[in-house]
Amino acid sequence: MILSILFLLGAVVLVLLAWRSLRAARGGGTQSGAPLRLVVELARGDDRPGLRLERGDAVLFGPIAAPWAPPAALSQALGNAEATPGRLGGAMLPGTYRVVALVDLSGTDVLASGVAALDKPLREALGASALLLEAVEGGAPLLLHGADGRAGGSIGGVCLPAARFTELVGMVGPAPGLQVDIVRRRIQRAGWGGERAHRRRVGHTSGP
């Protein structure tokens, strides 16, 4: 029950952040044509999603492990043990996203749920700041954020080890308009990689 509430609180945080940030940041999306872009995908021959920062054909950062699904225990508690994308407790849907803003999650009023026992793990899971992403073709926003590596996944979108997230932000800054591509290749006989035979492919790993 606690895990389910934690996931739902994470979803509420995303809605609040989107509401507060979209109007202010959309006017800054003038970098949409910039050659920089972030890519999150399963590399060929690997079973963990990785993130890299590209400029043209050059890789400037990464690849680094970037889990894109909630912790396995949370997915199971929400009735989606295979973390099927598009369902509660599932991995992130593929598509093209744009960075809206770098949002501060450290304020006491940002994550306050009214339940002290939940605020602490929610903060630990999402970190002190995050890049807020919106889907180009519409859909729920998500977060690209740092984590301490113990959560085993992301309750808000895609996560990196905290130190590497800080390094990435140091390279791209607030990055409004930066393109982010989440790519999920079909796996033979197993749909989007969330099927039982490929449970480990949805990214429940952490670390560089």
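We did not get these values from a lab; they are worked out from the coordinates using the rules stated. Just so we're clear, the structure is a prediction, and the values are computed from it rather than from any experiment. Positions of Cβ are generated from backbone atoms using ideal geometry, with glycine treated the same way; all protein chains shown enter the neighbour counts.
Observations, loosely collected:
- Annotation: amide H of Ser129 within the under-5 Å range of Leu105, Gly146, sequence separation 5 or more or interchain, hydrogens built in the peptide plane.
- Between Glu137 and Arg37, full extension at 0.36 nm per residue minus the direct alpha carbon distance yields a gain of 34.3 nm.
- Residue separation of Thr96 and Asp46 scaled by 0.36 nm, minus their Cα-Cα distance, works out to 15.8 nm of gained length.
- Phi-derived couplings, Karplus 6.51 cos²θ - 1.76 cosθ + 1.60 at θ = phi - 60°, listed residue by residue for segment 41-56: 6, 7, 6, 4, x, 10, 10, 10, x, x, 10, 9, 9, 10, 10, x Hz, with x used for Gly and Pro.
- Integer Hz, Karplus 6.51/-1.76/1.60 couplings in order for segment 58-72, x for Gly and Pro: 8, 9, 9, 8, x, x, 9, 4, 9, x, 10, 9, x, x, 4
- With both labels modelled 7 Å from their Cα along Cα-to-Cβ, the Ala162 to Arg55 distance reads 2.9 nm.
- For Ala81, no residue whose modelled amide H falls within less than 5 Å of its own remains once neighbours fewer than 5 places apart on the same chain are excluded.
- Between Arg123 and Gln76, the FRET efficiency from the beta-carbon distance, with R0 = 22 Å, is close to 0.45.
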